[in-house]
Amino acid sequence: MRTQVGIIGAGPAGLMLANLLHRRGIEAVVIESRSRKEIEETVRAGVLEQMTVDLLNETGAGERMMKTAMFHQGIEIRFGGKRHRIDMHKLTGGKYIAIYPQHEVIKDLIAARLQSEGRIVFNVSDVRLSNIDTEAPVITYQNENGDTEELNCDFIAGCDGFHGPSRQSIPKEIRKEYEKVYPYGWLGILAEAPPSSPELVYAHHEDGFALVSTRTPEIQRLYLQVSPADSVGNWPDERIWEKLHLRLSADDGWKLTEGPIIQKNIVSMRSFICDPMQYGRLYLAGDAAHIVPPTGAKGLNLAMADVQRLAWALEDYYETGRIERLAGYSESCLRRVWKAERFSWYMTSLLHRHHGYTPFDYQIQLAELDHVTTSTAAAQSLAENYVGLPLEFGEPSLSVT
Ligand code: FAD
Ligand code: DHB
């Protein structure tokens with residue numbers, strides 16, 4: 001089989017790239033190791049930056065999101081039993097975030113892709129990349145019947161997440177990897193209960209971090225800081241509610257709404273960056289190239305920003321033969337990626353507790369929390385990063401005027 005761009009992975013990055021390329025008249029084939037049902041049911045992110053909302057609308061995949069997403073203009077930061085609102089809309093000149101589950105984004109992107117008669121091959125295995133440093137890279141894989149298939153392409157987009165094979169295909173001596181593993185995990189639950197809060201609540205507490213988010217008017221998404229080595233078996237429902245009530249307690253009578261817990265899972269937290277994000281004719285995008293801890297809600301949004309730049313660079317190449325944008329892909333992505341890494345690390349450090357944490361560390365966190373909730377300049381900096389830096393951020397020429 002032959003195509004212009006072979007895309008490995010049908011996560012948000014791979015599917016969005018395929019849709020963006022289609023709109024530019026560029027052919028692509030997406031291969032995915034899991035089934036359609038599995039990827040459409042995996043619960044992960046919930047917060048979309050305005051830039052991601054715009055991209056979904058641009059590719060014609062935004063209709064359901066515009067009808068059912070919740071658009072928030074602020075977040076709450078809670079500490080010392082007090083509630084503080086960061087008015088992101090006001091602080092950023094009118095920006096907002098959308099709460100719309102990642103698996104719904106996936107469903108919309110798959111539907112848009114299939115409507116435009118684009119190919120997605122599910123259930124593949126044994127994926128290998130070869131000839132990536134030539135003009136004729138190849139992806140080989142086994143299809144669901146066990147037959148070996150070959151995909152000959154002009155370019156390969158490695159959108160296969162943190163554990164996929166694409167990043168490993170860049171020679172070790174070329175790749176520089178930066179990593180920080182945090183001593184925190186998040187226990188995430190879905191509970192059948194109406195929202196406790198009109199906006200997201202990020203809570204700092206001596207007992208650990210807690211987060212109130214939402215999915216639909218009937219379902220809440222809640223998170224608790226736990227040990228990364230912990231397992232859901234240690235977390236019966238009563239213990240979860242007890243900790244959520246403790247960590248979210250407020251001195252003004254605020255109430256957490258409870259309901260049946262329908263899903264629980266634990267994720268560990270790391271920061272990771274692979275530099276460069278390209279080698280020969282292979283371009284990495286999304287979690288394949290970088291991971292952020294979830295506290296800043298940036299992972300999916302960074303994946304979208306990467307593929308927007310890649311689609312733009314490929315369009316330039318196919319329309320004019322110019323390779324400058326492709327050549328500068330990694331550099332322009334990484335400038336934005338490092339800003340999001342910094343912000344995610346900052347939010348994580350600001351809100352979590354861990355063993356070995358001293359009374360000094362605790363007071364520093366409280367001082368910083370006091371600062372961001374009382375200084376307009378500090379709140380504006382947090383808001384600007386939370387809603388997402390402009391899409392053009394990363395262009396080498398952009399600087400403060
Ligand atoms: P993935 O979603 O990992 O997709 C990669 C795909 O490649 C997968 O479907 C995988 O099956 C496939 N694949 C892997 N190996 C192969 C192979 N060999 N061959 C073919 N296919 C392969 N981000 C936000 O922006 N906002 C949030 O609010 C947010 N909250 C989060 C909360 C939690 C609890 C977690 C865990 C993450 C959160 N994130 C958030 C991060 C976000 O979910 C990820 O950053 C995002 O999924 C990255 O998309 P991706 O397409 O790069 O990778
Ligand atoms: C959600 C996830 C996050 O990582 C975050 O910072 C806020 C909300 C969520 O899943 O809704």
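The values are calculated or read from the model by the stated rules, or taken from the named source; none is laboratory data. Because the structure is a prediction, the values reported are computed rather than measured. For neighbour counting, all protein chains shown are included, and Cβ atoms are generated from backbone atoms with ideal geometry for every residue, glycine included. Note: accessible area is taken over every heavy atom of the protein model, side chains too, but ligands, DNA and RNA are not part of it. Shrake-Rupley method; radii C 1.70, N 1.55, O 1.52, S 1.80 Å.
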From highest to lowest solvent-accessible area (probe 1.4 Å; ligands, DNA and RNA excluded), Phe360, Phe272, Phe122, Phe71 read Phe360, Phe71, Phe122, Phe272
Determine the share of the chain's accessible area contributed by carbon and sulfur atoms, expressed in whole percent, with a 1.4 angstrom probe. 50 percent
With every protein chain in place, what's the accessible area of Tyr318 (1.4 Å probe, Å², nearest 10)? 70 Å²
Please report the base-10 log of the normalised intensity I(q)/I(0) for the chain, using a Debye sum with one equal scatterer per alpha carbon and no solvent, at each q in 0.08, 0.14 (1/Å). -0.43, -1.27
The chain: longest segment with zero exposed trypsin sites (Lys or Arg not before Pro), where exposed means DSSP loop plus at most 16 other C-beta atoms within 10 Å, is residues 35-171
What length, rounded to one decimal in nm, is gained on full extension from Gln263 through to Gln115, with 0.36 nm per residue of separation minus their alpha-carbon distance? 50.1 nm
Cα-based equivalent ellipsoid of the stretch 49-114: semi-axis lengths in Å, sorted from largest, via gyration tensor: 29, 13, 8
Which distance in nm do the two modelled labels at Asn131 and Glu218 give, with both placed 7 Å along the Cα-to-Cβ direction? 5.3 nm
Determine the distance separating the Cα centre of the stretch 197-275 from the Cα centre of the stretch 329-378; give it in Å without decimals. 19 Å
What is the distance, in nm, between label points placed 7 Å from the Cα along the Cα-to-Cβ direction at Ala250 and at Asn57? 3.0 nm
So what's the stretch 179-266 giving for Rg/Rh, alpha carbon basis, Kirkwood Rh from the mean inverse pair distance? 0.95
What is the distance in Å between the Cα centres of the stretch 142-176 and the stretch 1-77? 20 Å
I need the shape label for the stretch 211-327. Rule: rounded when a/c is under 1.5, else prolate if a/b > b/c, else oblate, with a, b, c from the alpha carbon gyration tensor. prolate
Candidate span helices, the chain: DSSP H, at least 30 Å along axis from Cα coords, Kyte-Doolittle average at least 1.0, result none
Gyration tensor (alpha-carbon) shape descriptor, the stretch 156-229, a/c threshold 1.5: prolate
Gyration tensor verdict on the stretch 272-377 (Cα atoms; rounded if a/c is under 1.5, prolate if a/b is larger than b/c, oblate otherwise): prolate
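With a probe of 1.4 Å, find how much accessible area the stretch 179-266 has per residue, and write the answer as a whole number in Å².
Value returned for the stretch 179-266: 43 Å² of accessible area per residue.
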With every protein chain kept in place and a 1.4 Å probe, the stretch 338-390 has an accessible area per residue in Å² of 49 Å²
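Counting only GluC sites (Glu not before Pro) that are in a DSSP loop and have at most 12 other C-beta atoms within 10 Å, tell me the longest site-free stretch of the chain.
219-391
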Within the set Lys67/Lys243; Lys180/Lys255; Lys67/Lys298; Lys107/Lys264; Lys172/Lys298; Lys37/Lys67, which residue pairs have Cα atoms separated by over 29 Å? Lys67/Lys243; Lys180/Lys255
With every protein chain present, what accessible area does Trp254 have (1.4 Å probe, heavy atoms only), rounded to the nearest 10 Å²? 40 Å²
Helix-derived mean residue ellipticity, 222 nm - over the chain, DSSP H n ≥ 4, -39500 (n - 2.57), to 500: -11000 deg cm²/dmol
